[in-house]
1. Name every residue in region 197-226 that is part of a loop (DSSP other than H, G, I, E, B) and modelled with pLDDT of 85 or more, in order of residue number.
2. Can you tell me how many residues in region 90-110 are more than 20 Å from LEU11 (Cα to Cα), more than 15 Å from the chain's Cα centre (by Cα) and buried (at least 20 other Cβ atoms within 10 Å of the Cβ)?
3. Being in contact (Cβ under 8 Å) with a residue 40 or more places away in the chain and touching a His at 6+ places or on another chain (Cβ under 8 Å): is that true of VAL141 here?
4. From the list THR194, THR229, pick out the single residue that is surrounded by 20 or more Cβ atoms within 10 Å (Cβ to Cβ), of a type in the set (Ser, Thr, Tyr) and assigned to a strand (DSSP E or B).
5. What about ILE39, is it assigned to a loop (DSSP other than H, G, I, E, B) and among the β-branched types (Val, Ile, Thr)?
6. Hey, among ILE109, ILE127, which residue is aliphatic (A, V, I, L, M) and out of contact with any Cys (no Cβ under 9 Å at 6 or more places or on another chain)?
7. ALA25 is checked against (1) modelled with pLDDT under 95; (2) within 21 Å of MET131 (Cβ to Cβ); (3) under 14 Å from the mean Cα position of the chain (by Cα) and fails just one. What number does that condition carry?
8. Given the structure, is VAL77 touching a residue at least 40 places away in the same chain (Cβ under 8 Å), in contact with a strand residue (DSSP E or B) (Cβ under 6 Å, 6 or more places away or on another chain) and surrounded by 13 or more Cβ atoms within 10 Å (Cβ to Cβ)?
Amino acid sequence: MQNFSIYMSTLKKAIFSWSGGKDSALALHRVLQENEFEIVALLTTIDAVSKTSSIHAVPLNLLEKQARSLGIPLYPVLLSADKNYEEAMREAAAHFKAQDVHHFIFGDIFLEEVRAYRQKLMQPLGIHLVMPLWGKSSAEVLDLFIASGTRTKIIVTQADQLDEEFIGRELDEHFAASLPHTVDVCGENGEYHTFAYAGGPFGEPVLFEIIAVSNISHSFTMDTGATKTFHYWQAELD
């Protein structure tokens, strides 16, 4: 036991930015296998009104189930009209730096503008970014994900890229071949999002079901200042 305690003290403390989807699950799986970091908490941004994740619209109670299966505490960060992502992340960074945590881990793959944004936000706060999947191709990441044994289902699709029939689809060795050639196999351009629920880093399956599918729209302000509306198929989870 004494030697184990000494070994644990050498691990660098880190916060894991958790979306609940496949890239997060794979990145976490690799980090846990490499034994370089002690994951203090899973940080997930939550809409304060809907109590769902701000990216995948996963209910808070299912994120908590994922965290229990992973054996890592969930740290929800609430976003609202009074507190945007940047403000919330600054508060979270200050909270965890007080606990001697100086590393935040993200499951990003290759979108340079995303990494640049994270660096611009986090580095002035004294936080080091760790990206275990960075620089790999989408095909490599999908192969690694399938090889990890992690199981996940599609819960959101961009409607003009993937139709409603893809909701609930399992990512397996046949998945890539089923996609239109315009769709990135990892959905890196927002074509789809997933919910990971078993295998890989999970201790036990996270029980859930898709109880409805809705067609929804979101409007985004582009870099040019113009507003663009995207339509999605969104699973309602329970």
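1. Of everything in region 197-226, those that are part of a loop (DSSP other than H, G, I, E, B) and modelled with pLDDT of 85 or more turn out to be GLY199, GLY200, PRO201, PHE202, GLY203, GLU204, PRO205, VAL206, LEU207, PHE208, GLU209.
2. Matching residues across region 90-110 total 1.
3. Working: in contact (Cβ under 8 Å) with a residue 40 or more places away in the chain: yes; touching a His at 6+ places or on another chain (Cβ under 8 Å): no.
No, not satisfied.
4. On the way: THR229 fails: surrounded by 20 or more Cβ atoms within 10 Å (Cβ to Cβ).
Residue meeting the stated conditions: THR194.
5. Details: assigned to a loop (DSSP other than H, G, I, E, B): no; among the β-branched types (Val, Ile, Thr): yes.
Against the criterion (assigned to a loop (DSSP other than H, G, I, E, B) and among the β-branched types (Val, Ile, Thr)), ILE39 does not qualify.
6. Values: ILE109 fails: out of contact with any Cys (no Cβ under 9 Å at 6 or more places or on another chain).
None of the others qualify; the one that does is ILE127.
7. Of everything listed in (1) modelled with pLDDT under 95; (2) within 21 Å of MET131 (Cβ to Cβ); (3) under 14 Å from the mean Cα position of the chain (by Cα), ALA25 misses just condition (1).
8. Values: touching a residue at least 40 places away in the same chain (Cβ under 8 Å): no; in contact with a strand residue (DSSP E or B) (Cβ under 6 Å, 6 or more places away or on another chain): yes; surrounded by 13 or more Cβ atoms within 10 Å (Cβ to Cβ): yes.
No: the conditions fail for VAL77.
The values are calculated or read from the model by the stated rules, or taken from the named source; none is laboratory data. No experiment lies behind these values; they were computed from the predicted model shown. Cβ sites come from the backbone with ideal geometry, for glycine too, and all protein chains shown count toward neighbours.
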